[in-house]
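Peer 1: Can you keep this structure in mind? I'll have questions shortly.
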Amino acid sequence: MAARIRLKRVGAKKNPHYRIVVMHGAKPRDGEAVEILGHYDPRKTDPRPVFPEPDRALHWLLTGAQPTDTVRSLLRKAGIWAKYAEVRGKKPKAADSAAESAEVA
């Protein structure tokens, strides 16, 4: 079953707060989470997501967890999506690059 990174609603009526969580794809919105990655309060004057451990979010992205569209935009605001794109589109390892440059010379 595929893991998803998505929002889980917490907070009072008409006062939403969200946790950014990793869940199995078939679980309901407010079901049990595998891991809590951060939180998001959209009612703040400057709503920014808070990721106490951004490395965990990067770890889940690299292991194949699919973020929802909203979470993807929050990851972009936090700068985690840029790190993910950098790691995913990485060039070959330094040892391989050194071997290639030695062949060219």
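Peer 1: Can you tell me which condition residue 6 does not meet? The list is (1) surrounded by fewer than 20 Cβ atoms within 10 Å (Cβ to Cβ); (2) charged (D, E, K, R); (3) touching a strand residue (DSSP E or B) at 6+ places or on another chain (Cβ under 9 Å); (4) closer than 29 Å to residue 88 by Cα, and all the others hold.
Peer 2: Of the numbered conditions (1) surrounded by fewer than 20 Cβ atoms within 10 Å (Cβ to Cβ); (2) charged (D, E, K, R); (3) touching a strand residue (DSSP E or B) at 6+ places or on another chain (Cβ under 9 Å); (4) closer than 29 Å to residue 88 by Cα, the odd one out for residue 6 is (1).
Peer 1: Please go through segment 1-21 and pick out each residue that is of a type in the set (Val, Ile, Thr) and under 18 Å from the mean Cα position of the chain (by Cα).
Peer 2: Result: 5, 20, 21.
Each row is one residue, and each column tells you yes or no for (1) among the hydrophobic types (A, V, I, L, M, F, W, C); (2) modelled with pLDDT under 90; (3) assigned to a loop (DSSP other than H, G, I, E, B).
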{"residue": "1", "(1), (2), (3)": "yes, yes, yes"}
{"residue": "6", "(1), (2), (3)": "no, no, no"}
{"residue": "18", "(1), (2), (3)": "no, no, no"}
{"residue": "21", "(1), (2), (3)": "yes, no, no"}
{"residue": "28", "(1), (2), (3)": "no, yes, yes"}
{"residue": "33", "(1), (2), (3)": "yes, yes, yes"}
{"residue": "48", "(1), (2), (3)": "no, yes, yes"}
{"residue": "56", "(1), (2), (3)": "no, no, no"}
{"residue": "59", "(1), (2), (3)": "no, no, no"}
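Peer 1: Among the residues of segment 42-57, what is the count of those that are among the hydrophobic types (A, V, I, L, M, F, W, C) and open to solvent by 30 Å² or more (accessible area, probe 1.4 Å)?
Peer 2: 1
Peer 1: Looking at segment 11-30, which of the residues that are farther than 22 Å from residue 62 by Cβ and in contact (Cβ under 8 Å) with a residue 12 or more places away in the chain is surrounded by the most Cβ atoms within 10 Å (Cβ to Cβ)?
Peer 2: Restricting to residues being farther than 22 Å from residue 62 by Cβ and in contact (Cβ under 8 Å) with a residue 12 or more places away in the chain, the top hit is 18.
Peer 1: Which residues, taken from segment 63-82, are outside any helix (DSSP H, G or I) and surrounded by 21 or more Cβ atoms within 10 Å (Cβ to Cβ)?
Peer 2: Listed by number, the residues that qualify are 65, 67.
Peer 1: Can residue 39 be described as without any contact (Cβ under 8 Å) to a residue 60 or more places away in the chain, open to solvent by less than 80 Å² (accessible area, probe 1.4 Å) and not in a loop (DSSP other than H, G, I, E, B)?
Peer 2: It is false that residue 39 is without any contact (Cβ under 8 Å) to a residue 60 or more places away in the chain, open to solvent by less than 80 Å² (accessible area, probe 1.4 Å) and not in a loop (DSSP other than H, G, I, E, B).
Peer 1: Cβ-Cβ below 8 Å, separation at least six or inter-chain, first residue in segment 59-78 and at positive phi, second open to solvent by 30 Å² or more (accessible area, probe 1.4 Å) and small (Gly, Ala, Ser): which pairs?
Peer 2: Matching pairs, first to second residue: 64/2.
The values are calculated or read from the model by the stated rules, or taken from the named source; none is laboratory data. This is a predicted model, so every value here is computed, not measured. All Cβ positions, even for glycine, are placed from backbone atoms using ideal geometry, and neighbour counts span all protein chains on display. Ligands, DNA and RNA are stripped out before the accessible areas are found, and what is left, the full protein with its side chains, is counted by its heavy atoms. Shrake-Rupley method; radii C 1.70, N 1.55, O 1.52, S 1.80 Å.
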